[in-house]
Amino acid sequence: MASFPPLKNNLILRAARGEKVERPPMWVMRQAGRYLPEYHKVRAGHDFFEMCRTPEIASTITLQPIERYEDLDAAIIFSDILVIPQAMGMVVEMVEKKGPHFPEPLETPEDLAKLKRLGEGCDVKKELGYVFEALTLTRQKLAGRVPLLGFIGAPWTLMAYMIEGGGSKTFTKAKSWLFKYPEDSQKLLQDITDVAVEFLAQQVVAGAQMVQVFDSWAGELSPVEFAEFSLPYLRQISKRVPERLAELGQEQVPMTVFAKGAWYALDALCDSGYNVVGLDWTHDPAEARKIANGRVTLQGNMDPNVLYGGKEAIDKAVKRIVEGFGGGKQGYIVNLGHGVTPGVKPEDLGFFLRKNHEYGSA
Ligand code: CP3
């Protein structure tokens, strides 16, 4: 096992475990990305997945927001949720101005035979070794400044991409699988989960100090389908990753679930085995806190579009949200309600962080 420099700021780890803290820790989804000019400098001349697969580049991009903003309390490894479908044998390309594209998406249950499963053609350490190398290198380069976060896409969100072949407005193809082929859908979700559990556990072995599961398309499901096709796999991940870490002789790390749009499932998510539940902007902080009732730490949840509203709007929203989360000194991690978008001015994100620091320390 690798040895790493001692951690100087463990605020997010303490907050995730529900301890009282001096101020809420903060990080931002997609903090390493296209709103940063320094990201574009590196991006020019490289394919997106080539950058993910080159540990030196991935670690450089991961560190960019940490170097720019002294208020950040965590780094998140530069990678993508779609590396799991790639490890299972699917081709995924990142198309300029369009997003991810699968030239050969899954069309019918017969296509499941083409997928590589854990232990049956999918060797996680081999297929995703570049992510582990990037984590280890980044952890060294961080030199203990802040904890390093690892992540995966949730089984339902990955299944949706694998069937739609990219983003979608209606998710007709992926959702019709749930109704037309419910058993094959469960099988696919289980195969993804098996890879996801091993991948997340190995991320911790490689240096991730906290991990997040992104169920970005949870909100496309009705509460009934979420309970049947997403939640059971989210629960499996929160149960099996700690078991696998124990088996590997590895220390446990806090785990976060972010099921975007699944406001109806907040109560169930607070009992799903995670330390932290991420909230999108459709939640009222005080209401969410009432529902969570101390069971988990909450993370979120300013609408990223407030960042386009200027300093006064940001100031007002931050103040209201910190108050809504009871001042933020226990059970709260500052974040946006979804990823920061490419048009945001870096200075405005810096202002958001500074204001959170100020109101959260008061
Ligand atoms: O948060 C971070 O800074 C860490 C890196 C990270 C990326 N993607 C880098 C990225 C993380 C955690 C992700 C997760 C991810 N990827 C999700 C879940 C989070 C969410 O937003 O809901 C999803 C759905 C994806 C799939 C994906 N990757 C899409 C839809 C796109 C293109 C459109 C978009 O919103 O940007 C990507 C590309 C991507 N992933 C970029 C980055 C920095 C931009 C790529 C580019 O430079 O062209």
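We did not get these values from a lab; they are worked out from the coordinates using the rules stated. Here the structure is a predicted model, which is why all the values come from computation and not from measurement. We place every Cβ from the backbone using ideal geometry, glycine too, and count neighbours over all the protein chains shown.
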Selection status of LEU353, outside any loop (DSSP other than H, G, I, E, B) and within 16 Å of the ligand (Cβ to nearest atom): yes
Given the residues GLY121, GLY99, GLY144, GLY129, which is the only one that is out of contact with any helix residue (DSSP H, G or I) (no Cβ under 6 Å at 6 or more places or on another chain), over 30 Å from ILE12 (Cβ atoms) and not β-branched (Val, Ile, Thr)? GLY121
If a residue counts only when it is away from the ligand (no atom under 16 Å from the Cβ), which helices (runs of 4 or more DSSP H) contained entirely in region 146-261 have at least 3 such residues? 172-180, 182-206, 231-247
Assuming THR60 fulfils every condition listed in (1) crowded, with 17+ Cβ neighbours inside 10 Å; (2) in contact (Cβ under 8 Å) with a residue 24 or more places away in the chain apart from one, which condition is it? (2)
Counted residues in region 37-63 being in a loop (DSSP other than H, G, I, E, B), away from the ligand (no atom under 11 Å from the Cβ) and charged (D, E, K, R) come to 1
Reported set for region 1-29 where residues are crowded, with 19+ Cβ neighbours inside 10 Å and within 16 Å of GLY278 (Cα to Cα) is ILE12, LEU13, ALA15, ALA16, PRO24, PRO25, MET26, TRP27, VAL28, MET29
Output the number of residues of region 1-28 satisfying the condition of being farther than 18 Å from GLN203 by Cα and either in a loop (DSSP other than H, G, I, E, B) or among the acidic types (Asp, Glu) (or both). 14
